[in-house]
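Input: a single structure, listed below in structure tokens.
The values are calculated or read from the model by the stated rules, or taken from the named source; none is laboratory data. Since we're looking at a predicted model, the values are computed, not measured. For accessibility, only protein heavy atoms count, side chains too; no ligands or nucleic acids. Shrake-Rupley method; radii C 1.70, N 1.55, O 1.52, S 1.80 Å.
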Amino acid sequence: MIKIMLEKTLLTVAGFDPTSGAGITLDLRVFNSQGFYGVGIITAVTEQNTALINKVNFLSPDIVQNQYSTLHNDLKFDGIKIGMLGKKQNINVIHDILQDHPSIPVVIDPVIESSSGTRLLEEATAVSDYIQAIKSRASLITPNLAEAEWLSGRTVATEKDMQTAAEKIYTEAQVPCLVTGGHLTSRSIDILFDGSDFFRFEKDKLDKEVHGTGCFLASTILCYLAAGDSLVRACRAASGLIHTAIKSAISPGCGRHIFFF
Ligand code: PLP
């Protein structure tokens, strides 16, 4: 459904998943479905199908930097989503991208590893460097429970833990934080801390393993923000949309479901 946003350009920085179930091609599908023109910078090429990841090939930071400068010389971005970074030096590229764009919506999905446990951010990456690069420069960061543990340095296993982690991440990064708790209990609960208040988005838990939920959520929130919605409205709307999208996800291979919209 192409609506009125076509003249707006959104950038995603992410890895390539050949199934299009996560990463850059999923982000571009989301942008396009919401009526935006999407462009992307690839940080890594994964070798995977719907059932497994065989290998992750991190691109060198020079290639990532050069993709950015070449695009940036030509295009104006109306919003940016940051996903899988790969090499730890790509944190510097992210720092530069965010510094160049102080006043457009930016959503950070702090991808550390796939849900199957494959590392997608270089092991040696220091959380303090990551936080420093995004400090005060993003509209939202969207960690899942494991990512919230990495960023906050605390166990995140309960709804109270999610609140504590969201507040701590906000305090350190000066970026509003939405901790997603899809795997928390029998209900799916996401907790947003915007710097002053907590918001809670709760849905029925769907019994369906879908690949790329973090990417889908973050890129959908970016679309709403770029369309002018407030942070709380964007999070609430995206949280509802992902629920519908999970219901319509398809199973094209032998592994997990893939978003199809
Ligand atoms: N981004 C890319 C490029 C990936 O390949 C993956 C996982 O394979 C993810 C993000 C995270 O997806 P998920 O959490 O569904 O494993």
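Solvent exposure of His243, expressed as accessible area, is near 30 Å², computed with a probe of 1.4 Å over the protein chains only. Across the stretch 15-73, C-alpha contacts under 8 Å between residues 6 or more apart give a mean separation that, scaled by the residue count, equals a relative contact order of 29 percent.
Short-range pairs are left out: with C-alpha atoms under 8 Å and at least six residues apart, the relative contact order of the stretch 1-118 is 27 percent.
How large a share of the accessible area of the chain, in percent, is made up of carbon and sulfur atoms when the probe is 1.4 Å and the other protein chains stay in place? In the chain, the share of accessible area belonging to carbon and sulfur is 52 percent. Short-range pairs are left out: with C-alpha atoms under 8 Å and at least six residues apart, the relative contact order of the stretch 112-198 is 25 percent. In the assembled protein chains, Phe261 presents an accessible area of approximately 100 Å² (probe radius 1.4 Å). The orientation-averaged projection of the convex hull spanning the C-alpha atoms of the chain amounts to 12.4 square nanometres.
Have a look at Asp17, Asp129, Asp27 and tell me which one the Gaussian network model of the chain (Cα, springs below 10 Å) gives the largest fluctuation. Of Asp17, Asp129, Asp27, the Gaussian network model singles out Asp129 as fluctuating most.
With both residues required to sit in the chain, DSSP beta bridges show an antiparallel share near 50%. The accessible-area ordering, largest first, of the residues Val127, Val39 stands as Val127, Val39, per a 1.4 angstrom probe.
What the chain shows is 43 Å² of accessible area per residue, with the surface traced by a 1.4 Å probe over protein heavy atoms. Shape summary of the stretch 53-163, radius of gyration then Dmax from alpha carbon positions: 14.7, 46 Å. Let me know the shape class of the stretch 107-228, please: from the alpha-carbon gyration tensor, a ≥ b ≥ c as square roots of the eigenvalues, rounded when a/c is under 1.5, otherwise prolate if a/b is greater than b/c, or oblate. The shape class here is rounded. Between the amide H of Leu184 and those of Ile189, distances stay under 5 Å, these residues lying 5 or more places away or on another chain, with hydrogens modeled in the peptide plane. The stretch 27-93 and the stretch 128-203 have Cα centres spaced 23 Å apart. Coordinate range of the alpha-carbon atoms in the stretch 1-100 per principal axis, descending: 40, 32, 16 Å.
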